[in-house]
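Written out below as C-alpha cells is the structure these notes cover.
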Amino acid sequence: MIPFVLALALGAPADAPKFAAVGTGDETIPGALVALGTDARVETTNGPRTVKGLVALRRAGAPVPGLPTGPHLVTAGGDRVPGEVRGGDAKRVKFRPAFADDRPPWELPHDGVAAVWFVAPPADTPTDPAKYGWLVGTPPRDALLYRNGDSARGALTAFTDTGVKFAPDGGAAREVAFKDLAAIGFNPRFARPPKPQGPHARAVLDDGTRLTITAPEVTDGALAAKTAFGVAVEIDLKRLVALDVLGGPATYLSDLKPAKAETSGFVGAGWPWAADRTVRGRPLRLLTKDGDSVFDKGLGTHPKTVLAYDLGGKYARFEALVGLDADTGKRGRAAVRVRLDGKEVDLPALKALSAGAAVPVRVDVTGAKELVLEIDFGPTGDVQADVNWGGARLVK
C-alpha cells in the first residue's frame, strides 16, 4: 500500500458506489471512495473525510459473494479469478480474466498457478486445491481432470492455443484439447506463491473474484493496482464489493497461533477449529444485514472449543462478525463467550446464539494481555452448531 493520492476533484459522481470504510479510529465512515492507499478518502454527506490506517472497505448494501462457480483460475497464492485460458507455452499460461475481457490476457508462470477450471467445479469440491482428490498423490504430479470424470497424473509440458501437451505416467506424450478438460492441476511441489512485501490488500469483486493487490489508487472511478504476480489491473469501483488490508494495522486471528486451543465433543471427539474456513473445510458463510456473505478471513469453530491468544498489550480493539454458519447452522444453538484477561465481556447476543443475522462484536482490548474465545454447547447440544467468526481481527 502507498500513501493515497488525491483525485483532481474531491467530489465523487452522484452514481459513485458507496462503501463503509473501517480504519484504526473508532468510527466506520460511509461514503464514496475518492482516494486510496495507507489511508482512504471518502466523500460523505457532510463532506470529505480521511480514514486513517485503512483496515477494510465494504460496499454498502451488497453481500460478499461466494467463490467463483464457473470457469476460473486459482493461483498458487490463493487468488480466484473467473475467466478463460487463452493458450500459453512451455513456461506460461495465458489467461483472460472476465473483469478485464477487453485487455490483453495475463501471462502467468506455471509455478504461479494451482489449478484452472474450464467448467463449474462440482459442489463437493474442496476449497483448497491441495485437497483435490484427482490432484493429490505421491509423488506430486501435474494432473488432468476430464469432463467425463476420468483423471490422469503425469507431466504437463506445454500449452498450445487449443489445449495442452501432456505425458501421463507410464504413457506416451499427447495433446489434449481444452474442450475435453474439466480442470488442470499443477504440480504443488513446484508452486511458488508470490509473497507481497509490506501492506497489501485482498479485493473481492461482484463475480466472486478474489485478487491480492498492491499499490492501489483510485483514478476516474476505477481501482488501479498491481496483482501479487506483477500484472497491472484496473477495476471499475462499481464491481468492487470488499477490500481487506493485510499486513497493515490489523492482525487476523487466523494468522496467529493460539497460546491455547482445546476442543471436546458433546459425544465423542471434538471438532478441530479451522483458520479461514469452517470446521468442515468450507468457506466461512454468515447471514449479514446485507444478505448471505462469504468471508475469506476468520475462524471456523464448533462446541466445545476454547481458543486463547496472547495480546501483549499491543492492540486497541478486537472485532468480528459471529454467527452460526448460514449453510450448516440453520437449526443450531450455541453459547459463545469472550473473555479479556480472565473477565467475561458483556455480549448478551452471543450467550444464546441461534440461526439468523450474525452478531457484530467490537471489544476494546487496550492494554489487555489475553483474549479468550469460548464456544459452548447450546440447548440442542452441538447439532448444527458450526460457529463462524467472520473477519476476526485485532486492530492496533
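Each value in this text was obtained by applying a stated rule to the coordinates, not by laboratory testing. All values reported here derive from a predicted model rather than from experimental measurement. So basically every Cβ, Gly included, is an ideal-geometry build from the backbone, and we count neighbours across all protein chains shown.
Remarks
- Paramagnetic reach from ALA275 in segment 51-83 [backbone N under 16 Å; point 7 Å along Cα→Cβ]: 77-78
- Close amide H contacts of ASP206 (hydrogens built in the peptide plane, cut-off under 5 Å, sequence separation of 5 or more or a different chain): VAL241.
- Proximity of backbone amide H atoms, modeled 1.01 Å from N, is registered between LEU181 and ARG147 at under 5 Å, excluding neighbours fewer than 5 places apart on the same chain.
- When the convex hull of its Cα atoms is projected in every direction, mean area for segment 256-396 (nm²): 7.6 nm²
- Remark: spin-label model distance ALA16-VAL136 equals 4.7 nm, labels positioned 7 Å along the Cα→Cβ axis.
- Backbone geometry of segment 77-83 corresponds, through the Karplus equation with coefficients 6.51, -1.76 and 1.60 at θ = phi - 60°, to 3J(HN,Hα) couplings of x, x, 5, 9, 9, x, x Hz, x marking Gly and Pro.
- Summed over qualifying helices (DSSP H, 4 residues or more, each -39500 (n - 2.57)) and divided by its residue number, the chain shows a 222 nm mean residue ellipticity of 0 deg cm²/dmol.
- Compactness relative to 2.2 N^0.38 Å, alpha carbon Rg of segment 72-190: 0.98
- Gain upon complete extension [GLU107, ALA259; 0.36 nm per residue less C-alpha separation]: 50.5 nm
- Pairs of Cα atoms nearer than 8 Å and 6+ residues apart set the relative contact order; for the chain it is 14 percent.
- Here LYS18, LYS330 are placed in order of increasing Cβ neighbour count within 10 Å, fewest first, which gives LYS330, LYS18.
- Added length on full extension, which subtracts the Cα-Cα distance from 0.36 nm per residue, ALA167 to LEU347: 58.9 nm
- Close amide H partners of THR219, meaning residues 5 or more places away or on another chain with modelled amide H under 5 Å apart, are ALA224.
- Ordered by the number of other Cβ atoms lying within 10 Å of each residue's own Cβ, fewest first, ILE184, ILE213 fall into the sequence ILE213, ILE184.
- Every Cα-Cα pair in segment 4-121 was counted, and those over 26 Å apart are 44% of them.
- Student exercise, the chain dipole from Lys, Arg, Asp, Glu Cβ charges, in Debye to nearest 20: 480 debye
- Whether segment 312-360 is rounded, prolate or oblate, judged on the alpha carbon gyration tensor where a/c under 1.5 counts as rounded: prolate
- Only Cα pairs under 8 Å and 6+ residues apart enter the sum, and on that basis the relative contact order of segment 306-396 stands at 50 percent.
- Near PRO168: Cβ cut-off under 15 Å, other residues only, Lys/Arg at +1 and Asp/Glu at -1. The net charge is -1.
- Förster-model FRET efficiency, 30 Å R0, LYS330 and VAL363, C-beta, rounded to 0.05: 0.65
- Using θ = phi - 60° in the Karplus curve 6.51 cos²θ - 1.76 cosθ + 1.60, the 3J(HN,Hα) couplings for segment 181-187 round to 9, 8, 6, 10, x, 9, 3 Hz; x is entered for Gly and Pro.
- Fraction of the pair-distance distribution of the chain above 31 Å, Cα-Cα pairs, percent: 43 percent
- The phi-based Karplus calculation (6.51 cos²θ - 1.76 cosθ + 1.60; θ = phi - 60°) puts the 3J(HN,Hα) values of segment 116-131 at 10, 9, 9, 9, 5, x, x, 4, 8, 5, x, 5, 8, x, 5, 10 Hz, whole numbers, x for Gly and Pro.
- Net lengthening on full extension, LYS91/ASP206 (0.36 nm per residue, minus Cα-Cα): 38.3 nm
- Mean Cβ count within 10 Å, highest first, over the residues of peptides 22-34, 317-329: 317-329, 22-34
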